[in-house]
Amino acid sequence: MPRPLGSSGRPLRRRSLETLDLRWLTARAWTNRWYPQGVDLGILDGRRTLAVSWFRQDRDRHHLASRVSFIDLERSRHRDVALVIEGPDGELEPARIHVGGLAWFGDRLFAAATMQGIWEFDLARLRTVRGADARRLTGSLRRSALVAVRTRIHPVALRCSFLGRVFDADGEPLPRVLIGEYRTGGDGRIGEFLMPAQEGDGFAAVEGGLIAPGIPHLQGAVRWGATYFASQSDQLRPGALWTGPAGALRRAAQPLPAGCQDLALDPDARMLWSLGEHPWRRVVRGIPFARLGIEHPRGERRLDG
């Protein structure tokens, strides 16, 4: 695992009566080279940490690289980790994927790789690269960088546009994920899968766990007990949050950021996290459970289950 988080590019933390917002104070706020996409919570160096994924593209919108920013929620400090793959000769190459969603289980980080299944990365064996390798793998002028290496590709019979966690009604994390499809029409599906428990296992579909909510532009989904939460983007307008049981999702009054993407449940802080991808509107937003009607018993819950 990496050393304590650095403070470069520290996001600004701003709390209102309705939300907790993190906004970048650097070029990340407006660059059109990198776009934030996925979000999840975990424990890093013994501290509660928010993970935000990004993909880099060129002017022709070809994917060039991807990374994850690990944000210490108490200090608002962060550290970037580039996602990479190892070739047959051992040479590292950038992971050229959209990273539309994250699911973080201990040292295992799972990323949605649209049309390419789910990619797994090892956070226990981060590597430091320097010089030309650091610049090539991060798409920046950095002299050194941390990288997480892909360990497996998990084929899934869905488009794998996004990826979210599942919790029971008491806030306990379950070894399950929701994998969903972004579609411009209302034919995007969300499937529930059991996590690969050991080497050689794949994602196993949960019987009756595939739903088609009929919502266009789906961007993320999570489940708390029997209640699903799904995000829907609407270009530069505020996103929509849909909630309810399978087969009966309804649009909630609570808006999401413009250009909303992935969702993550945070039982410890009692928040639902989302983020907006558009330059100049970029925000990582926590919405209190109280505004969403989520009842959560008192007591701290583990994020790394």
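Worth pointing out:
- Cα-Cα separations in the chain greater than 38 Å, expressed as whole percent: 6
- The chain: calculated mean residue ellipticity at 222 nm from DSSP helix runs of at least 4, using -39500 (n - 2.57): -500 deg cm²/dmol
- Between V206, V166, V84, the GNM of the chain built on Cα springs shorter than 10 angstrom shows V206 fluctuating the most.
- Convex hull of segment 197-263 built on C-alpha atoms - directionally averaged projected area, nm²: 5.7
- Ranked by the mean number of other Cβ atoms within 10 Å per residue, highest first, peptides 212-223, 135-146 order as 212-223, 135-146.
- Taking a quarter of the surface of the Cα convex hull of segment 148-223 gives a mean projected area of 6.1 nm².
- For segment 19-100: relative contact order, % (alpha-carbon pairs under 8 angstrom, 6 or more apart): 23
- Modelled spin labels at D89 and E199, positioned 7 Å past Cα toward Cβ, are 2.7 nm from each other.
- Relative contact order for the chain: 16 percent, from Cα pairs under 8 Å spaced at least 6 residues apart, divided by residue count.
- Neighbour count of at most 14 Cβ within 10 Å plus DSSP loop: longest chymotrypsin sites (Phe, Trp or Tyr not before Pro)-free window in the chain: 31-279
- Taking one quarter of the surface of the C-alpha convex hull of segment 75-198 gives a mean projected area of 10.2 nm².
FYI, it's all coordinate maths here, none of it is from the lab. This is a predicted model, so every value here is computed, not measured. Here the Cβ is made from the backbone with ideal geometry for all residues, glycine too, and neighbour counts use every protein chain on show.
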